[in-house]
Amino acid sequence: MKLKEWIEYLKQHQLSGLRQYIITNPPWMTGAVAGIMSVAMLQFGMWQPLEYLGYKTLFQIRESEILPNPGWDSRIAVIAIEPQSLQKYGKFPWPRNRYAELLSALKKSPPTAVGFDILFLDPSPKDDILAAAIAANGKVVLPRTTKEEPVASLKAAAAGVGHIIHEPDSDGVSRESKIFRAGIPNFGLVMTHRYNATNPQNPVLLPQPNSMQEQKVWINWPGKTENVPTYAFVDVVEGRIPENALANKLVLVGLVATGFDQISSPLNKTTAGVYLYAALVDNLLNQRLLRRLPILLEILLLLGIGPLTSWILSKGGVKERIAIALGLPVVWILAAALLFGFYFWWIPIAAPIGTLILSGTALQLREQYEKQQLMRLFEQHVAPETAQLIWARKAEIFEQGELEPQELTATVLFMDIRSFTSISEKMPPRDLLNWLNNYLEAMTDCIMDHGGVVDKYIGDAIMAVFGVPFCHSEYAEIQQDALNAVAACIAMHEKLHEINQQLRIERKPLIKFGIGLHTGQLVAGTVGGSRRLNYSVIGDAVNVAARLEAMNKEIVSDSPFNLLVTGRTFAYVRDRYEGQKVGAIQLRGKKEETVVYAILGAK
């Protein structure tokens, strides 16, 4: 296997861009592309449905008391126009003197402010009565639209006017409120201003208008709306509520009957619109509006998560990648939940986790592409196992042009054709090459089918190794390599019988081979100089196997396979195969002789 040559081939031919792609486009760049895709999805609103789901989930977790739950501010109450009141006073809308009756009843339990979530845009015969009651109360806040104001007499008597324009999100849930619209303050903000007016010594900090035409805030729903102190309109008017129940409260009056002014919250599928302003007042009083990351910071976050994720994943193996892929989303969700529960931050959940998944998937696809291209290049030139090694250690190849050496224990096979020189003298070169290639292909298949790697062809000889490219150190693994080698030799003998039958029919020279096997220590790595490198194994085990193969010409035994193994190899396979001791060889540099066995067959 000529790694250096094939790397040069990689540069110059059909995969010339792959090496450049791998070197100049490190893994983090794949993540950067994923980050850019995520930002594009953010801009097109593709993450929004999942973010909305995450928003609702955070509120539900907090409501279950897993996170600290602030609950509704006790200074807020609602007077509800509900079915009982409608039954008593008739269909809505009511004559405006009815609201004057409510304001009169509240004198016994005077609130800090009274806000009517009911539009009074058209004049009516009872306006003077209501205007007088509003003026007498002095703390009434009225609603308006962006373009239309309350009746002039009512507006003049009111303590403040605020807009009640509201737009739910695409899933129907009310998450935000326009705190200023065209310079007009929100109804809930005006209510809170009334609180400051009655508490000048301890005012709350409130949003101020700026040059923007529209300012919005994110609602931090304190809980389910059933938990807000709510009193029926008719009960308040007729004095059936506890004494001082509404004293010093910020009271909101609105329709809560089914079919009127319905909205959704993250905790209530259906509720009344008046509770949206109750939630806004609660948030303003306690400085707990939800906070969100600025869009620019969110974009930078996604652009950072992509390359960082790819870089981290590229450094780990399968187990590490699984741990990271499962662990990082969990960590992010926990962080989002803690920030939400303790600091009222609503940070994005879906987009960061989605970016993480995109980055991991992109990295996997990139590596799969690289592997396919590299394997396609090498698949006809090296064994699959060696190709796997090349892939696993591709960084060494592309950066250094060679593989670092590694020590291992393996079984080496040497085999060659008997009397090949005399055969080659009698055959035309082209016929000889076809004859030899057919034989080599058949023998190679047997070797590779049994887990061996063909190291090299030396004319008619084959050198193969069982136990590379992955190091085997356990006894069972080394034994299995030796068993695989013997099984491959027997398979080659059987295949040779078929080949010879065909050669006999074609009147071509028959083939007889000899094989030597030895199991021992080796060093595997790139061998050669700067202009030519081979990936091979070297060591004493190679020399011993080569000597055994040559001994087949000298030793006569009862073996039907022309297969000689050393005593060490036979020790690994003796439980599975019969063997016959046929002699010993004295190897240069060794004091003891090496015992040689002939394999007779499977037990």
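The values are calculated or read from the model by the stated rules, or taken from the named source; none is laboratory data. The structure presented is a predicted model; accordingly, all values stated were derived computationally and were not measured. Ideal geometry is used to build each Cβ from the backbone, glycine not excepted, and the neighbour counts take in all protein chains shown. Only protein heavy atoms, including side chains, enter the accessible area calculation; ligands, DNA and RNA are left aside. Shrake-Rupley method; radii C 1.70, N 1.55, O 1.52, S 1.80 Å.
Points to keep in mind about this one:
- Among (1) closer than 24 Å to residue 439 by Cα; (2) part of a helix (DSSP H, G or I) - the single one residue 553 does not satisfy: (2)
- Test result for residue 513, of a type in the set (Phe, Trp, Tyr), touching a helix residue (DSSP H, G or I) at 6+ places or on another chain (Cβ under 8 Å), within 30 Å of residue 431 (Cβ to Cβ) and at pLDDT 90 or above: yes
For (1) more than 17 Å from residue 471 (Cβ to Cβ); (2) at pLDDT below 90; (3) open to solvent by less than 60 Å² (accessible area, probe 1.4 Å); (4) touching a helix residue (DSSP H, G or I) at 6+ places or on another chain (Cβ under 8 Å), each residue gets a yes or a no:
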{"site": "374", "(1), (2), (3), (4)": "yes, yes, yes, yes"}
{"site": "412", "(1), (2), (3), (4)": "no, no, yes, yes"}
{"site": "419", "(1), (2), (3), (4)": "yes, yes, no, no"}
{"site": "453", "(1), (2), (3), (4)": "no, yes, yes, yes"}
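- The listed residues are 303, 308, 296, and the only one of them that is surrounded by fewer than 16 Cβ atoms within 10 Å (Cβ to Cβ) and of a type outside the set (Phe, Trp, Tyr) turns out to be 296.
- Residue in the range 128-157 that is nearest to the chain's Cα centre (by Cα), counting only those that are open to solvent by less than 20 Å² (accessible area, probe 1.4 Å) and closer than 16 Å to residue 185 by Cβ: 143
- Picking from residues in the range 487-511 that are of a type in the set (D, E, K, R) and under 11 Å from residue 439 (Cα atoms), the one that is most open to solvent (accessible area, probe 1.4 Å) is 498.
- Restricting 598, 545 to those that are at pLDDT 85 or above and assigned to a helix (DSSP H, G or I) reduces the list to 545.
- Within the range 150-185, tally of residues that are free of Cβ contacts under 8 Å to residues at least 24 places away in the same chain and over 27 Å from residue 126 (Cα atoms): 1
Listed here are the residues, each with its yes/no results for (1) buried (at least 18 other Cβ atoms within 10 Å of the Cβ); (2) of a type in the set (Asp, Glu).
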position	(1), (2)
228	yes, no
232	yes, no
238	no, yes
241	yes, no
248	no, no
256	yes, no
262	no, no
272	yes, no
285	yes, no
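- Some residue of the range 112-127 being among the hydroxyl-bearing types (Ser, Thr, Tyr), touching a helix residue (DSSP H, G or I) at 6+ places or on another chain (Cβ under 6 Å) and open to solvent by 10 Å² or more (accessible area, probe 1.4 Å): yes
- The range 227-255 residues that are among the charged types (D, E, K, R), paired with ones that are not in a loop (DSSP other than H, G, I, E, B) (beta carbon under 6 Å, 6 or more apart): 249/77
- Of all the residues in the range 544-603, those that are farther than 19 Å from residue 479 by Cβ, open to solvent by 40 Å² or more (accessible area, probe 1.4 Å), touching a helix residue (DSSP H, G or I) at 6+ places or on another chain (Cβ under 9 Å) and hydrophobic (A, V, I, L, M, F, W, C) number 1.
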